[in-house]
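For reference, the structure is listed below as structure tokens.
The values are calculated or read from the model by the stated rules, or taken from the named source; none is laboratory data. All values derive from a computational prediction rather than experimental measurement. As a convention, Cβ positions derive from the backbone with ideal geometry for all residues, glycine included, and neighbour counts pool all protein chains shown. Accessible surface areas use protein heavy atoms only, side chains included; no ligands, DNA or RNA. Shrake-Rupley method; radii C 1.70, N 1.55, O 1.52, S 1.80 Å.
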Amino acid sequence: MGIEFLITSLIVVVSPGPGTLLTVAAGLSGGARAAAVTALGCTLGIVPHLLVALARHTGGSH
């Protein structure tokens, strides 16, 4: 594992994703409640992907 990979990984990990940017924008325009609802929505949007990944990992779906 080279230093280039480690630097690139660090940049990817610390940079905000679209969910973070959406949550911040909702918070700035609609307040804390809007930010919380947006964060919950972003989190719930990940659940189907998580379930598919788990099912494929455990051999439930080929």
In Å, descending, principal axis extents of the Cα set of the chain:
41, 38, 11
Give me the extension gain from THR8 to ALA36: residue separation times 0.36 nm, minus the current Cα-Cα distance, reported in nm with one decimal.
7.1 nm
Sort 8-15, 33-40 by the packing proxy (mean of other Cβ within 10 Å over each peptide's residues), most packed first.
33-40, 8-15
Just order 1-7, 47-53 by mean Cβ neighbour count inside 10 Å, highest at the front, would you?
47-53, 1-7
Note the full-extension length gain between SER29 and HIS57 as 0.36 nm times their separation in residues minus their Cα-Cα distance, in nm to one decimal.
6.1 nm
Give me the 1.4 Å probe accessible area per residue for the chain, excluding ligands and nucleic acids, in Å².
82 Å²
